[in-house]
Structures are given as C-alpha cells and as structure tokens.
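Visitor: Please read through the structure below; I'll follow up with questions.
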Amino acid sequence: MQVLQLIALLAAQAAPAAAAAPTPSTAAACTAPEHSQFDFWVGKWDVYGPKGRLVAHSLIEKLYNGCGVRENWMPFNNQTGGSLNIYLPGEKHWEQFWIDSQGSRAIFKGGWNGSAMVIQGEWAGPLVRITYTPNADRSVRQFGEQSTDGGKTWAPSFDFTYRPSAGG
C-alpha cells in the first residue's frame, strides 16, 4: 500500500513539471536564404578525380528541418568520412565538422562568396581551404588547397568533380 501511495505522490509531483515543459516550436528555424546556400551540393553523387577516374560515391543530405547538410563520403579506398554543415546566422558564416575513418577531424568556417562556397580550417596540421563551385552542367567542383605558412601561399591538395550518380 505504501508503494502505491509513493507512486501516486511521485506522479502528482511530476504532472506540473510536465505541464510546464516548453513545447517544441513548429516554426522552421532555418528558413533564411543563407540556409540554402549549400543546397547545390545536396544529392547522390559519383565523384571523379582530376584525371576523370571515378574515385568515390558521396551522399549529401539536407536534414534537421533544413538546418543541416550532412555529407557521407564513400571512396573506393575505404577511407570513409563525413561532415555536418550548418549556417550560423549570429556569426554570419558556415561551419563544417569533418570526421573520418582514420580518426582525423577538422572544423572549417567560411561562406558563400557569390559564386562558390569557400571554407577554411586546420586539418592535421596545415591550413586547408576548400572551394565548392556549382557548375552549369549540375556538377560540383570541390577544390582543396593547403598552406603551411599560415595562408601566405597555397598549394593544390585535391580536386574532385561531383556528378549526379548514374545509379539514381
């Protein structure tokens, strides 16, 4: 009997807290035009290296009520990885958090420059700049550069072309 009274007492105390709990907003938080600046990259892609050889598949998804863009990088060398990307209105820039199967991670910051998404950050030592350029044929060029002198000089580090996947 005492157990039932204790349960009833606990339930009565929890009821006001549950009633006072804030309800999630149904309004979309990420509807500003800036949140769509990376939409050109969203899709299922076949990724080609600079010599035109297929090197990976990549699935880029817009998620979390339009607030995030998730990358699933699936190269044929099995060194997989991915990123989460978000536009931060307070800072007026994009951030990308990258993690891969080799245990490396990087945080990039940047934004839309009028013709491309350009982000930059340190990745395993050097400063890395990645430029994502949408092309007229619906492909996307992802061009990476690195700097070992704090951004004074840059050297190419990778160059990929994302084409809509032949598999759909």
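Nothing in this text is a laboratory measurement; each read-out follows from the coordinates by a stated rule. Because the structure is predicted, anything quoted here is derived from the model rather than measured. When we count neighbours, we look across all protein chains shown, and the Cβ atoms used for this are built from the backbone with ideal geometry, even at glycine.
Visitor: Write out, first by first residue and then by second, each pair whose Cβ atoms fall under 9 Å of each other, whose residues are 6+ apart or on separate chains, and whose first residue, in region 151-162, is aromatic (Phe, Trp, Tyr) while the second is in a loop (DSSP other than H, G, I, E, B).
Guide: 158/49; 158/50; 160/49; 160/50; 162/139
Yes/no per residue for (1) surrounded by 12 or more Cβ atoms within 10 Å (Cβ to Cβ); (2) touching a helix residue (DSSP H, G or I) at 6+ places or on another chain (Cβ under 8 Å); (3) not in a strand (DSSP E or B):
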position	(1), (2), (3)
79	yes, no, yes
95	yes, no, no
98	yes, no, no
114	no, no, yes
136	no, no, yes
157	yes, no, no
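Visitor: Working only within region 101-112, note down all residues that are surrounded by fewer than 16 Cβ atoms within 10 Å (Cβ to Cβ) and out of contact with any Asp or Glu (no Cβ under 7 Å at 6 or more places or on another chain).
Guide: 101, 102, 103, 104, 105
For every residue, the table says whether it meets (1) touching a Ser or Thr at 6+ places or on another chain (Cβ under 8 Å); (2) under 21 Å from residue 147 (Cα atoms); (3) free of Cβ contacts under 8 Å to residues at least 60 places away in the same chain; (4) not hydroxyl-bearing (Ser, Thr, Tyr).
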| position | (1), (2), (3), (4) |
| --- | --- |
| 47 | yes, no, no, yes |
| 79 | yes, no, yes, yes |
| 83 | no, no, yes, no |
| 87 | no, no, yes, no |
| 90 | no, no, yes, yes |
| 123 | yes, yes, yes, yes |
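Visitor: Looking only at residues that are hydrophobic (A, V, I, L, M, F, W, C) and outside any loop (DSSP other than H, G, I, E, B) in region 138-155, which one is surrounded by the fewest Cβ atoms within 10 Å (Cβ to Cβ)?
Guide: Within region 138-155, the match that is surrounded by the fewest Cβ atoms within 10 Å (Cβ to Cβ) is 155.
Visitor: Looking at (1) of a type in the set (A, V, I, L, M); (2) within 25 Å of residue 103 (Cβ to Cβ); (3) touching a Phe, Trp or Tyr at 6+ places or on another chain (Cβ under 6 Å), which one does residue 128 not meet, given that it meets all the others?
Guide: With (1) of a type in the set (A, V, I, L, M); (2) within 25 Å of residue 103 (Cβ to Cβ); (3) touching a Phe, Trp or Tyr at 6+ places or on another chain (Cβ under 6 Å) applied to residue 128, the lone miss is (3).
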